[in-house]
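Asker: Next up is a structure, given as structure tokens.
Rule-based calculations on the coordinates, nothing more; no lab input. On a predicted model such as this, the values are computed, not experimentally measured, just so you know. In this analysis, Cβ positions are derived from the backbone assuming ideal geometry, glycine residues included, and neighbour counts consider all displayed protein chains.
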Amino acid sequence: MSRLWRLTGCAVMAVMAGLIVMPASAATWSYNYTWATGDHAGQPAGSCAYTLPDIRPLQVPRTLVVDSAAPVGTVLYSWDFNSFLPGFRVQCTGSGIDNSTNSTNVNNGSISGNLIVADFLITGMTLSTGFSGTNPVYATTLPGIGIRFSVKADTDSAVDGAGTNYSYTTLYRVDGQASVSQAPRDVVYVWGGPIGPAAYLYTRIYATGPSSYRHSIQTIAQGISVKAELIKTADTVQYGSLGD
């Protein structure tokens with residue numbers, strides 16, 4: 001008879017210490033933009049809100065029984081996009097006031113710039129033995145159990161009047177590629193490599209163009225969602241709890 005192994009999923013957070021720190025509830029940070037120079041200097045340009053979802057999948061206790069005869073690479077448990085990390089998002093809302101330049105101040109001048117960007121990084125991970133950058137499965141603290149991530153853009157890219165992509169998502173280290181810029185909406189990629197997964201959500205100041213430029217913050221959003229799988233990475237899986 002095959003030996004069965006018990007895996008307690010509640011300790012996955014300890015496995016990925018430093019990977020993702022989720023808030024106790026949904027968290028949103030809002031920033032107000034004003035025009036820094038130009039014919040409408042000092043007037044509101046718009047606002048952008050950065051949102052982390054309130055779901056915390058790695059804190060939910062689960063018990064998993066695994067047949068040791070299952071081959072290496074078997075998916076032992078999976079979270080879909082709605083149950084792992086859904087809806088990391090930056091949402092911008094324009095004031096309706098355009099400007100002759102694209103220079104903005106943020107939160108009453110605390111930051112200046114014309115690029116709105118949210119960085120999403122997964123750090124502190126090591127590839128499991130036998131897996132590679134084209135098939136990334138990251139080690140956990142329980143030998144024989146790894147975790148694999150997949151990612152998708154939740155939003156479309158957008159082009160401004162000058163023909164420039166001004167709002168889009170770039171995914172780094174997906175499906176063995178260095179990056180996919182202007183990632184198409186709802187296309188799923190295996191996420192990661194020797195360096196951890198990363199994504200950047202961009203929204204630049206919109207330009208009317210191409211001959212006479214007016215600049216504005218548009219009402220638009222960029223976002224990603226992440227799913228994950230626990231993978232068998234060795235013939236022998238140690239009995240115990242992840243993170244023990």
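Asker: Name the residue from Ile122, Ser150, Val60 whose Cα lies farthest towards the positive end of the charge dipole of the chain, charges +1 on Cβ of Lys and Arg and -1 on Cβ of Asp and Glu.
Answerer: Toward the positive end, the furthest listed residue is Val60.
Asker: Can you give me the distance in nm between label points at Thr126 and Tyr239, each placed 7 Å from the Cα along the Cα-to-Cβ direction?
Answerer: 2.6
Asker: Still on this model: Any idea how far apart Ser68 and Asp119 come out in nm if each label point goes 7 Å out from Cα toward Cβ?
Answerer: So the label points at Ser68 and Asp119 sit 4.5 nm apart.
Asker: What does the charge dipole of the chain about its Cα centre add up to, to the nearest 20 debye, if the Cβ of each Lys and Arg holds +1 and the Cβ of each Asp and Glu holds -1? Don't skip to the answer; put the middle values down first.
Answerer: Details: 13 positive and 14 negative charges, 77 e Å.
Once rounded to the nearest 20, the dipole reads 380 debye.
Asker: Going toward the positive end of the dipole of the chain, with +1 on Lys and Arg Cβ and -1 on Asp and Glu Cβ, which of Val159, Ile220, Pro194 do you reach last?
Answerer: Pro194
Asker: To the nearest 500 deg cm²/dmol, what mean residue ellipticity at 222 nm is calculated for the chain from DSSP H runs of n ≥ 4 alone, each contributing -39,500 (n - 2.57), summed and divided by the residues? Before the final figure, lay out the partial values.
Answerer: On the way: 1 runs with 4 residues, N = 244.
After summing the helix terms and dividing by the residues of the chain, the value is 0 deg cm²/dmol.
Asker: Between segment 35-69 and segment 188-209, what's the alpha-carbon centroid distance in Å?
Answerer: Between the Cα centre of segment 35-69 and that of segment 188-209, the gap is 14 Å.
Asker: Would you please give the FRET efficiency between Gln177 and Ala49, computed as 1/(1 + (r/R0)^6) with r the Cβ-Cβ distance and R0 = 35 Å, to the nearest 0.05? It would help to have the intermediate numbers written out before the result.
Answerer: Working: r = 30 Å, r/R0 = 0.87.
Calculated transfer efficiency: 0.70.
Asker: Next question, about the same structure. Counting pairwise Cα distances across segment 4-241, what percent come out greater than 22 angstrom? Walk me through the numbers before you get to the answer.
Answerer: On the way: 16321 of 28203 pairs.
The proportion of pairs with Cα distances above 22 Å equals 58 percent.
Asker: Let me check the size of segment 33-118 from its C-alpha atoms; what are the radius of gyration and Dmax in Å?
Answerer: Rg, Dmax (Cα atoms, Å): 22.5, 71.
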